Amino acid sequence: MLFDLNNKLKTFHKGGVHPPEHKLSEHAAIEELPLPRQVVIPIFQHIGKPPKIVVERGDEVKVGQIIAVHEGFVSSNIHSSVSGKVGRIDEVIDSSGFRRMAVNVRVKDDVWDESIDRSDNLVTEIPFAPKEIVEKIMEAGVVGQGGAAFPSHVKLSVPEGKHIDTLIINGVECEPYLTADHRLMLERPHEIMVGTKILMKALGVDRAIVGIENNKLDAIELIEKVSREYDGISVESLKVQYPQGGEKQLIEALLGREVPSGGLPMDVGAVVHNVGTTYSVYHAVQKNKPLIERVVTVTGKKVKKPANYMVRIGTSVTELIEASGGLPENTGKIVSGGPMMGKALGDMDVPIAKATSGILLIPTFESKRSEVYNCVRCGKCIEACPMGLEPYHLMLLGKGKNTDEAKEENILDCIECGSCSFICPSNRPILDYIRFGKSSVRKAENNQ
Amino acid sequence: MSTTLLTVAPSPHIHQELTVPQIMRGVIYAMLPALALSVYVFGIGAVNVTVIAIVSCAFFEYLICTYLLKTKSSVADGSAIITGMLLAFNVPSNLPWYIVVIGSAVAIGIGKMSFGGLGNNPFNPALVGRVFLLISFPVQMTSWPEPVASWSIDGATGATPLGLLKDGLRVGDTVPAIMNEMPSNVDFLLGFQGGSLGEMSGVALILGLIYMLYRKIITWHIPISMVVTIFILTGLFWLINPEKYADPVFHILTGGVLLGAIFMATDYVTSPFTHKGMLIFGVGIGIITVLIRLFGAYPEGVSFAILIMNAFVPLINRYTKPRRFGNKPVTNG
């Protein structure tokens, strides 16, 4: 019976896999992580242009004070997440693995910028015009917190000629292990709902759908109940399937519309924002609070205390691991994000960024890749690809640097979800070569 | 500072558990019921042929890998064992040992390794071996042993049911008259028939199919489309003239249709990628099988049908590419 019910739920219709969920920290309430002694705030955390640093070594900063100003439209402001004295401004290795500029701040007390409303009372009234909302979101440096870190104000600026009819709030959290969005929905439902109303107003739509996977029944129930107090917001529970949290997959699952190849959600009348982003939007608009903290899941099979922490941006990963009982013995890999799309870190001293959804500690025995066999042409990668591509073929094209054919075979449509590499019975590194192929195609395009 | 060495590799960081050696092992488990029944019916001969085929297939693959290709031996992935088992399933249980060895050499050497080993061969290696033997040793390949177990059947010794049917029709007998002298379809389903080592028992083969579907090693598309096509086509002819054409159930239960549909046509390497392609592939095998059986010289025809359709796989793949996401007409509103 339950099985039948599950099958009737909406989901996307092309490809997909179902990795073991391992949501170890789903019952751990969000804890405030104690203030660190120092933060390292990366300046370039988003897609687009890096912002310009406006503080100098020795400056005193308050919590929420701007330290880097966006350059151009597709860029984002960066604020200090703590109060104290600016230290070195230098390059550090961040979670992307690259060396990038970052501002060190030595923490002293916890003095907030006066314009920020730190109270917990809910402000439901939205007195701002759509333009003002977008401006406030841009000022607050809000970026997508689902992983891609795309500046949110860009997604709210609808170009002439495009008509948006639906706002989708992404509460799917399809990555195994991660529970940050789940906990946020359970503990801050009203803030998310008001945030949704703000986004609806900014876009001028009267319909919003919150998509949540069916493995978070408590969140579905709660958001369904709370959403009744807010006009135009409905909840849709979705069949558990990876990568449902992908924008294109979620839009197809909820609205049955396919974003065209190379297109944007706006092309089919939809805009998608993550629940974490929506929560930050609420604070940005109603409380004048910039994006200076976020929920981060710390998890892994051997972790003593899998947990969800409210963390100031720039806190070192080490601090989070210490708070969860220290680094377990035989840890072979530290992943920033989920196991399917996250980045393996080379160092524990990497700072938490706006898009860091989790820290996953993988034991040594699971951290190495297994022996690779010949491709047996089983076709499982084709079956699993949510974009309808032929991964085995794209891998060969990528390997052979055949950029023309790779482009023709839609290699740039690949969303790098990893379903092909995950499912391959021969353990072939399919996605590695597709990434390589994608960058060759892009390079060839730029050279033209 | 800690000195933990961290692995840094691109995502994904987890992998599903079904790997090639496990799949191969699963296929071997799926073949065990049919093998067990064969040993029960044909006795030690079935064991001999199977062991000789497996050992020589593995041995030839090892030799070719080590001395000709000078690479690491690929025997451990288990595919050579399956080729050996399938070859044994496709020959009589009293086949002389040297013929089994020759068949194994052809299956592995020409059918598989000459193309570059696992994953690169266009034709099913076991069938390449079988057809080579069928053409080179027609007498030994078509003289079937009498079951040693005490089944009370007479008609099934010496020739296969399909062979009896073809011979009977050739001398002018009607189908009902021939059928009178043969065991019932229920007997065929259970395995009380003469024939190749692994093709006799529908029940044992279907058990294997259920196991492989349960383990998600194969999908239903190829076996079902192939069997249904044969059922419909032979059924049509049977309805038109039951005097001349045997009933569809008889056709499905005899002559390796189930063995072919479940174990031979579903070989990953030599079958299409997509479900749509698999359906075309299965239907194609069904049509060719029926054509050979009803209008050709050979009594059965599954092996040839599969090999012919193997050759079409690249073409099928080309025309059954998955639909790319984002090509659906936009229905905004």
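Kindly provide the set of residues from the range B:66-105 that are touching a Lys or Arg at 6+ places or on another chain (Cβ under 6 Å) and aromatic (Phe, Trp, Tyr), ordered by number.
Residues satisfying the conditions do not exist here.
Hand me the list of strands (runs of 3 or more DSSP E) wholly inside the range A:305-403 holding 3 or more residues that are more than 8 Å from chain B (Cβ to nearest Cβ) and surrounded by 19 or more Cβ atoms within 10 Å (Cβ to Cβ).
Ranges flagged: A:307-312, A:358-363.
Of all residues in the range A:37-59, count the ones that are assigned to a loop (DSSP other than H, G, I, E, B), on the phi < 0 side of the Ramachandran plot and touching a residue at least 40 places away in the same chain (Cβ under 8 Å).
Total satisfying the criteria: 8.
Could you tell me how many of the residues in the range A:157-171 are out of contact with any Leu (no Cβ under 6 Å at 6 or more places or on another chain) and either modelled with pLDDT under 95 or in a loop (DSSP other than H, G, I, E, B) (or both)?
Total meeting the criteria: 8.
Got at least one residue in the range A:241-252 being touching a Phe, Trp or Tyr at 6+ places or on another chain (Cβ under 6 Å), over 26 Å from A:Ile352 (Cα atoms), within 14 Å of another protein chain (Cβ to nearest Cβ) and crowded, with 24+ Cβ neighbours inside 10 Å?
yes
For the range A:254-277, which residues satisfy the criterion of being of a type outside the set (Val, Ile, Thr), more than 12 Å from chain B (Cβ to nearest Cβ) and assigned to a helix (DSSP H, G or I)?
Scanning the range A:254-277 gives A:Leu254, A:Gly276.
When you scan the range B:244-267, do you find a residue that is of a type in the set (Lys, Arg), over 17 Å from the mean Cα position of the chain (by Cα) and in a helix (DSSP H, G or I), even just one?
Within the range B:244-267, not a single residue is of a type in the set (Lys, Arg), over 17 Å from the mean Cα position of the chain (by Cα) and in a helix (DSSP H, G or I).
Filter the range B:106-126 down to residues that are free of Cβ contacts under 8 Å to residues at least 12 places away in the same chain and within 13 Å of another protein chain (Cβ to nearest Cβ) and give me whichever is surrounded by the most Cβ atoms within 10 Å (Cβ to Cβ).
Selected residue: B:Phe115.
Somewhere in the range B:13-20, is a residue surrounded by fewer than 20 Cβ atoms within 10 Å (Cβ to Cβ) and more than 30 Å from A:Glu416 (Cα to Cα)?
So far as the range B:13-20 goes, no, none of its residues is surrounded by fewer than 20 Cβ atoms within 10 Å (Cβ to Cβ) and more than 30 Å from A:Glu416 (Cα to Cα).
Scan A:Ser81, A:Ser96 and give me the residue that is within 14 Å of another protein chain (Cβ to nearest Cβ) and either within 21 Å of the chain's Cα centre (by Cα) or outside any loop (DSSP other than H, G, I, E, B) (or both).
A:Ser96
Among the numbered criteria (1) closer than 24 Å to A:Val63 by Cβ; (2) within 10 Å of chain B (Cβ to nearest Cβ), which single criterion is violated by A:Lys287?
Result: A:Lys287 passes all but (2).
Just for the range A:140-177: of the residues that are within 14 Å of chain B (Cβ to nearest Cβ) and touching a Ser or Thr at 6+ places or on another chain (Cβ under 8 Å), which one is farthest from A:Gly232 (Cα to Cα)?
Within the range A:140-177, the match that is farthest from A:Gly232 (Cα to Cα) is A:Tyr177.
List every residue pair whose Cβ atoms sit under 9 Å apart, with the two residues 6 or more apart in sequence or on different chains, where the first one lies in the range A:162-183 and is under 18 Å from A:Ala307 (Cα atoms) and assigned by TED's automatic domain parsing to the domain that holds A:Pro386 and the second, anywhere, is part of a loop (DSSP other than H, G, I, E, B) and at pLDDT 95 or above.
Filtered contacts from the range A:162-183: no entries.
For B:Gly103, only one of the following conditions fails: (1) within 19 Å of A:Val376 (Cβ to Cβ); (2) away from chain A (no Cβ under 14 Å); (3) not β-branched (Val, Ile, Thr). What is its number?
(1)
This table checks each residue for (1) in contact with a helix residue (DSSP H, G or I) (Cβ under 8 Å, 6 or more places away or on another chain); (2) buried (at least 17 other Cβ atoms within 10 Å of the Cβ); (3) away from chain A (no Cβ under 13 Å).
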{"position": "B:Ala34", "(1), (2), (3)": "yes, yes, yes"}
{"position": "B:Tyr40", "(1), (2), (3)": "no, no, yes"}
{"position": "B:Gly45", "(1), (2), (3)": "no, yes, yes"}
{"position": "B:Val49", "(1), (2), (3)": "yes, yes, yes"}
{"position": "B:Cys65", "(1), (2), (3)": "yes, yes, no"}
{"position": "B:Ala76", "(1), (2), (3)": "yes, no, no"}
{"position": "B:Met85", "(1), (2), (3)": "yes, yes, yes"}
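A:Ser76 versus (1) closer than 25 Å to A:Glu247 by Cα; (2) surrounded by fewer than 19 Cβ atoms within 10 Å (Cβ to Cβ): which is the lone unmet condition?
For A:Ser76, the exception is condition (2).
For the range A:278-304, which positions are outside any loop (DSSP other than H, G, I, E, B) and of a type in the set (A, V, I, L, M)?
Result: A:Val281, A:Ala284, A:Val285, A:Val295, A:Val296, A:Val298.
Go through the range A:178-196 and report how many residues are over 19 Å from A:Tyr230 (Cβ atoms) and assigned to a helix (DSSP H, G or I).
The qualifying residues number 3.
Tally the residues that are buried (at least 19 other Cβ atoms within 10 Å of the Cβ), of a type in the set (Gly, Ala, Ser), more than 10 Å from every other protein chain (Cβ to nearest Cβ) and outside any helix (DSSP H, G or I), restricting the search to the range B:292-329.
1
Could you tell me which residue of the range B:240-278 is nearest to B:Pro183 (Cα to Cα), considering only residues that are surrounded by 23 or more Cβ atoms within 10 Å (Cβ to Cβ) and among the polar types (S, T, N, Q)?
Across the range B:240-278, the extreme among qualifying residues is B:Thr254.
Of the conditions (1) at the interface with chain B (Cβ under 9 Å from one of its Cβ atoms); (2) of a type in the set (Gly, Ala, Ser); (3) out of contact with any Leu (no Cβ under 9 Å at 6 or more places or on another chain), A:Gly418 satisfies every one except a single condition; which number is it?
So the condition that A:Gly418 fails would be (3).
The values are calculated or read from the model by the stated rules, or taken from the named source; none is laboratory data. This structure is a prediction, so every number in the text was calculated from the model and none was measured. FYI the Cβ positions are ideal-geometry reconstructions off the backbone, even for glycines, and counts take in every protein chain you see.
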